[in-house]
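The values are calculated or read from the model by the stated rules, or taken from the named source; none is laboratory data. Remember, predicted model here, so these are calculated numbers, not experimental data. With ideal geometry, Cβ positions are generated from the backbone for all residues, glycine too; neighbour counts draw on all protein chains shown. For the accessible areas, the whole protein counts, side chains as well, though only heavy atoms, and no ligand, DNA or RNA atoms are used. Shrake-Rupley method; radii C 1.70, N 1.55, O 1.52, S 1.80 Å.
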Amino acid sequence: MSYEFIKTEVQGNILVVTMNRPEVYNAVHAEMHQEMSDCWDAFAADQNLWVAVLTGAGDKAFTAGNDLKATATSGVKKGLPDSGFAGLSSRFDLEKPIVAAVNGFAMGGGFETALSCDIIIAADRAKFALPEVKVGFFASASGVQRLSRYIGRLAAQELMLTGRTIDAAEALRLGCVNEVVAADDLMARAMEKAQELASVSPSSVKATKRILNSMAVAEGLPESLMYSREVQMDLAKTEDFKEGVNAFVAKRAPKWVNK
């Protein structure tokens, strides 16, 4: 696999994927969405790959999420694949596990990307947020749906409606991550967990994920995500959306008008 905005490496039955735009904190734009979608397609099709580990380049960020500067010039959903944000958030047919190794902050779509993985291991310096409401968006790439399912609606609502940032310790306490380790130990621990997953029957893992995927479908998650896209497109027509994006790019406080 050869890409411009992500790096891939195969170690035995494990695929390591690194989001590779460190100059913009691994923010995801249209081209990177497409590359990641293609990467997960190839991972799903390769019988020799049983587990994946996803991380971010550099020591600052897993991913900052949506590239708002790209959004300001190309629109809210240009190029987003059917498989969703980072090729993962709307993917319900992948029967192989992905371990998220969150090496730094995971904001907005970055947090949603981690939540779309199966196991989340965080460095002790990692931070998490769904701050979309601060810039005129909402967490439409499965954040609303997944976070409320994983940690409970009451705790999730507070995070989603305020957009506040939590550290790794609070994320562990709330149930947003599986484990927190020292930053220097993160990739070793993620690979150890991946090896643990690769040591059991891959056919059994696939069967388990097939049922988990079917449960998500039965709960209406795909339809809810499609509705989120519709609502996000409606939101993109508002003055507040335009103001949020423009204020972010200009590095100033937004002036909301509630219309």
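Some notes on this structure:
- Inclusion of residue 54 among residues that are under 27 Å from residue 2 (Cβ atoms), within 17 Å of the chain's Cα centre (by Cα) and of a type outside the set (D, E, K, R) is warranted.
- Where a residue in the range 189-200 is under 17 Å from residue 122 (Cβ atoms) and its partner, wherever it lies, is open to solvent by 30 Å² or more (accessible area, probe 1.4 Å), with Cβ under 7 Å and at least six apart: 193/119
- Odd one out for residue 19, checked against (1) farther than 25 Å from residue 133 by Cα; (2) touching a Ser or Thr at 6+ places or on another chain (Cβ under 7 Å): (1)
- Scanning the range 240-259 for residues that are part of a helix (DSSP H, G or I) and either open to solvent by less than 90 Å² (accessible area, probe 1.4 Å) or aromatic (Phe, Trp, Tyr) (or both) returns 240, 241, 243, 244, 245, 246, 247, 248, 249, 250.
- Any hit, the range 52-63, residues being out of contact with any helix residue (DSSP H, G or I) (no Cβ under 6 Å at 6 or more places or on another chain), of a type in the set (Ser, Thr, Tyr) and modelled with pLDDT of 95 or more: yes
- Scanning the range 3-49 for residues that are assigned to a loop (DSSP other than H, G, I, E, B) and of a type in the set (D, E, K, R), we see that the one that is nearest to residue 68 (Cα to Cα) is 21.
- Within the range 57-73, tally of residues that are closer than 23 Å to residue 126 by Cβ, outside any loop (DSSP other than H, G, I, E, B) and open to solvent by 10 Å² or more (accessible area, probe 1.4 Å): 2
- Considering (1) under 16 Å from the mean Cα position of the chain (by Cα); (2) modelled with pLDDT of 95 or more; (3) outside any helix (DSSP H, G or I), the lone condition that residue 82 does not fulfil carries the number (2).
- Within the range 215-239, tally of residues that are open to solvent by less than 30 Å² (accessible area, probe 1.4 Å) and part of a helix (DSSP H, G or I): 5
- Of all residues making up the range 196-214, the number that are in a helix (DSSP H, G or I) and either among the small types (Gly, Ala, Ser) or in contact with a helix residue (DSSP H, G or I) (Cβ under 6 Å, 6 or more places away or on another chain) (or both): 5
- Whichever residue in the range 1-18 is surrounded by 15 or more Cβ atoms within 10 Å (Cβ to Cβ) and of a type in the set (S, T, N, Q) and, among such residues, is farthest from residue 45 (Cα to Cα): 18
- Scanning the range 19-37 for residues that are β-branched (Val, Ile, Thr) and open to solvent by 10 Å² or more (accessible area, probe 1.4 Å) gives a single hit, 24.
Residues checked against (1) closer than 30 Å to residue 247 by Cα; (2) free of Cβ contacts under 8 Å to residues at least 40 places away in the same chain:
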residue	(1), (2)
127	yes, no
130	yes, yes
137	yes, no
140	yes, no
163	yes, yes
180	no, no
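- Close pairs (6 angstrom Cβ cut-off, 6 or more residues apart or separate chains): of a type in the set (Phe, Trp, Tyr) in the range 97-109, open to solvent by 10 Å² or more (accessible area, probe 1.4 Å) and modelled with pLDDT of 95 or more anywhere: 105/127
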